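Data first, discussion second: the structure below is written as structure tokens.
The values are calculated or read from the model by the stated rules, or taken from the named source; none is laboratory data. Every value quoted in this text rests on a predicted model; they were computed, and no experiment measured them. FYI the Cβ positions are ideal-geometry reconstructions off the backbone, even for glycines, and counts take in every protein chain you see.
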Amino acid sequence: MCGIAGILSEHMSPEERTDQVKRMIAALTHRGPDGWGYFTSSDITLGHTRLAIVDLNSGDQPITDGRYVIVYNGEVYNHPELREELLGKGAHFYTRSDTEVVLKAFEHWGKDAFTKFNGQFALLIWDRKEKRLTAARDRYGVRPLYILEYNRGWYYASELKAFDLIPGFNRSYDMLRLCEHGLLWNTIGDGTVWRNIRCLASGTIETFSAGSIPVRTRYYSLGETLFNSAQPIPETMNEAIDEFSAMLTDSVLLRLRSDVPVGAYLSGGIDSSVITYLAHCLNRERFKTFSVVFEDKDYDERTFQDDMVAAIGSDHTTVKIDYDSISDNLLDAVYHIERPVFRTAPVPLFLLARRVRESGIKVVLTGEAADEVLWGYDSYKELKLLRFWNRNRASLFRPHLLRALYPHLRHYADSKQFGLIKMYYEEFLSDYDNDLAGLNIRVNNNKSLVNFFNRDAGLVFDKNGLIERLREILPPDYKKWSLLQKNQYLEMYTLLSGYLLSSQGDRMSLAHGVEGRYPFLDHRLVERVFAYPDKFKLAGFSQKHILRRAFADRIPSSIVKRNKQPYQAPDLKSFFRSGALNETASTFLSPESIEKYGVFDKRQVERFLKKFERGQTEIIGYRDNMTIIFLLSAHMALYWAKNPKIGQVHDSSCTVAIIEP
Amino acid sequence: MSEQICEEVLVFICRNFIVEKSEINLDESLIDQGIIDSFGLVEINAFINREYGITVKEEEMNRDNFGSVNKIVGFIERRRISK
């Protein structure tokens, strides 16, 4: 895994551009500490900082083959097969690296090459002949690429912090986008919370030429094969289990391809347990596994982790997290996250990645995305229940299923509170099946954030406006999908790409030069499972049903049978102790900070904080936890934008310098 | 009496859910207004129990009793009288 940066501008001298790209790359060396390189010409400069995983000796970048130059961040796991195919077509290779395969594939197939890649990547390819830059990103947006149009030029970078080193440019919030992010956990389309900065949308390619508008092509959209797959859909659960197990095994096998050892994260849930189990079976050497354990028992899953470690005999390492670990490290984690978050859950993963790297591992497999692909989230259950209840609103029995919704939330399981929960969900019966699907409830829970923004921004909650904006990005077939398939699409475009893969994924592991690999996101598997009947994934209220059935005999039963516990860390509790905010939080949420940053309403924040000075209740609700972390992290992200770290790359570690006259 | 209860309920809602009195429509659902989520209902229930000694029965947990500030106040009054 690596960091990439570039500037396309004919209005700068090559020397000035090179200097700026070197500064940008210096801000990204945590993503790739193993060397850096650049290419510069009269039109463009491209930079790269490398984390060496495949072809350790000759895989340095940029790579050029005459007409094209590439900088590439990612892995294409099927590169050996593509290499064979290209050799058959007369291609010559000079290295063993997958980067060269990607470049030759592009040379041979053009944009169609991207449909052949199985992997996670963001890349820039410069066509010297046509003077045209192609930017592309993987199907699900695992690897980042941001774009800034500034000073009559285009700037590209793996992380936003690289832009902070461009002379004269200052990152500031786009308040409307920030509010949208507050409601959905992501911005809609290719926007970011930052003014004038967008990302390259997942599954798309864009081409840039000096002086013209970029041309975008979408090469992948979730569910694209649903109505045109030549392969018949398995009719029985047993057939589906066989097919699914084979696909997942192959996905893990591909993701074990590496010239350095691969480890795995073990959360204690079924997803990472299955991945670890498969990796253990496919990998003959003793395997390294890593887990977070919590001092606060409400969050701790170590008994399940221990069950799995005992089952496979892995070489296991844990990182212990207490309230101080969270409050002392949120600021450093947000340096990498670069946007507001709603939970502190990324922080333990930030600390875990550091330990992984210290133990000599650069690549880890994780169980991420199983909840989206196999319908593990409660939003799927909520929708199913609302639909069932709505068909007979007078039923006394149907709403009682609400008791099964959130087994881990004490106030939902308490039978004395049942009537309240019923009343709450009743509110959604009239519009649960609009285009927001499962997001209706998230938006409703988050809309109190709107009151916290600076009143001068004039933000109001407008659900219909939000739905309208969302409709613009929905694929043409969306209307034909089942309600739960629609929900999967939305979960993958909001929570997965806007939080789990970025804030909690890419940014946390690459803060310490560790690459995450996600077997559940193999596009062949995602597309196939998307087409399976709904009941294979959510049978009754049994979530990820096919996964449980497929691995019931191979994973400890304690893990297969346990209720889902979402991975979380202590939020408000980490910053509020004995009735007072700790130092970090009081600095970032002081009236002076609110005044200085201008993002939030001073009075509203003061009143919110006062609530806890009167003492905390035994159970802290979702909203209070979310609000404090959102406020804190929004200020922290802005703090880093205004106070960038200035790094330096040294000539001694430069591995490639291509300077074109 | 009802004015006093209404004032107490409003003070609790304003403090706990960070809203201004002027922002609350007394006849509209607090959920619809975005003031509370499901946990907010649980907190209001706990407040009623703590302040007025009323244990809300499951069949009383409905919109007729909880559907707005005025309905909550009316419910508290009725239960105090019948006590």
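Among the residues making up the stretch A:459-480, those that are outside any helix (DSSP H, G or I) and of a type in the set (A, V, I, L, M) are A:Leu459, A:Val460, A:Ile473, A:Leu474. The number of residues in the stretch A:573-600 being outside any helix (DSSP H, G or I) and either in contact with a His (Cβ under 6 Å, 6 or more places away or on another chain) or of a type in the set (S, T, N, Q) (or both) comes to 3. For the stretch A:87-146, the set of residues classified as in a loop (DSSP other than H, G, I, E, B) and either of a type in the set (Val, Ile, Thr) or free of Cβ contacts under 8 Å to residues at least 24 places away in the same chain (or both) consists of A:Lys89, A:Gly90, A:Ala91, A:His92, A:Phe93, A:Thr95, A:Val142, listed by residue number. For B:Asn25, the conditions (1) within 12 Å of chain A (Cβ to nearest Cβ); (2) not in a helix (DSSP H, G or I) all hold with the exception of (1). If you filter the stretch A:536-571 down to residues that are basic (Lys, Arg) and under 18 Å from A:Ile275 (Cβ atoms), you find that the one that is farthest from the chain's Cα centre (by Cα) is A:Arg554.
State whether the residues of the stretch A:623-645 include one that is within 14 Å of chain B (Cβ to nearest Cβ) and either among the polar types (S, T, N, Q) or surrounded by fewer than 18 Cβ atoms within 10 Å (Cβ to Cβ) (or both). Taking every residue of the stretch A:623-645 in turn, at least one turns out to be within 14 Å of chain B (Cβ to nearest Cβ) and either among the polar types (S, T, N, Q) or surrounded by fewer than 18 Cβ atoms within 10 Å (Cβ to Cβ) (or both). The residue list A:Asn446, A:Asn464, A:Asn440 contains one member that is without any contact (Cβ under 8 Å) to a residue 40 or more places away in the chain and buried (at least 22 other Cβ atoms within 10 Å of the Cβ), which is A:Asn440. Whenever a residue of the stretch A:591-605 is away from chain B (no Cβ under 14 Å) and within 13 Å of A:Met175 (Cα to Cα), its partners that are among the hydrophobic types (A, V, I, L, M, F, W, C) and crowded, with 17+ Cβ neighbours inside 10 Å, lying with C-beta atoms within less than 8 angstrom and at least six residues away or across chains, give the pairs A:Tyr597/A:Leu638; A:Val599/A:Met175; A:Val599/A:Leu178; A:Val599/A:Phe453; A:Val599/A:Ala634; A:Val599/A:Leu638.
Pairing each residue of the stretch A:563-590 that is closer than 30 Å to A:Asp271 by Cα with any residue that is among the acidic types (Asp, Glu), provided the two are 6+ apart or on different chains, yields C-beta distances under 7 Å for A:Gln565/A:Glu301; A:Pro570/A:Asp296; A:Leu572/A:Asp624.
Residue by residue, here is whether (1) surrounded by fewer than 21 Cβ atoms within 10 Å (Cβ to Cβ); (2) modelled with pLDDT under 95 holds:
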{"residue": "A:Tyr38", "(1), (2)": "no, no"}
{"residue": "A:Gly47", "(1), (2)": "no, no"}
{"residue": "A:Arg50", "(1), (2)": "no, yes"}
{"residue": "A:Val54", "(1), (2)": "yes, yes"}
{"residue": "A:His79", "(1), (2)": "no, no"}
{"residue": "A:Leu82", "(1), (2)": "no, no"}
{"residue": "A:Thr95", "(1), (2)": "yes, yes"}
{"residue": "A:Leu103", "(1), (2)": "no, no"}
{"residue": "A:Gly110", "(1), (2)": "yes, no"}
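If you go through the stretch B:47-59 and keep only what is facing another protein chain (nearest Cβ under 8 Å) and buried (at least 16 other Cβ atoms within 10 Å of the Cβ), you end up with just B:Val56. Within the stretch A:625-653, residues that are in contact (Cβ under 8 Å) with a residue 40 or more places away in the chain and more than 28 Å from A:Thr49 (Cα to Cα) sit with their Cβ atoms under 8 Å from residues that are of a type in the set (Gly, Ala, Ser) and surrounded by 14 or more Cβ atoms within 10 Å (Cβ to Cβ), at 6+ positions apart or across chains, in these pairs: A:Thr627/A:Ser448; A:Ile628/A:Ala585; A:Phe630/A:Gly182; A:Leu632/A:Ala585; A:His635/A:Ser593. Within the stretch B:60-82, the residues that satisfy the criterion of being touching a Leu at 6+ places or on another chain (Cβ under 8 Å) and within 9 Å of another protein chain (Cβ to nearest Cβ) are B:Met61, B:Phe66.
Of the residues making up the stretch B:11-46, those that are buried (at least 17 other Cβ atoms within 10 Å of the Cβ) and in contact (Cβ under 8 Å) with a residue 40 or more places away in the chain are B:Ile13, B:Ile24.
For every residue, the table says whether it meets (1) free of Cβ contacts under 8 Å to residues at least 40 places away in the same chain; (2) part of a strand (DSSP E or B); (3) farther than 24 Å from A:Pro346 by Cβ.
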| position | (1), (2), (3) |
| --- | --- |
| A:Leu254 | no, no, yes |
| A:Arg257 | no, no, yes |
| A:Val260 | no, no, yes |
| A:Gly263 | no, yes, no |
| A:Gly268 | no, no, no |
| A:Asp271 | no, no, no |
| A:Ala279 | no, no, no |
| A:Asp300 | yes, no, no |
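Looking at A:Val347, A:Val341, A:Val334, A:Val293, can you tell me which residue is in contact with a Lys or Arg (Cβ under 7 Å, 6 or more places away or on another chain), in the same structural domain as A:Arg507 (by TED's automatic domain parsing) and of a type in the set (Val, Ile, Thr)? Selected residue: A:Val293, the only one of A:Val347, A:Val341, A:Val334, A:Val293 that is in contact with a Lys or Arg (Cβ under 7 Å, 6 or more places away or on another chain), in the same structural domain as A:Arg507 (by TED's automatic domain parsing) and of a type in the set (Val, Ile, Thr). In this structure, A:Tyr493 does not qualify as in contact with a Phe, Trp or Tyr (Cβ under 7 Å, 6 or more places away or on another chain) and more than 13 Å from A:Gly376 (Cα to Cα).
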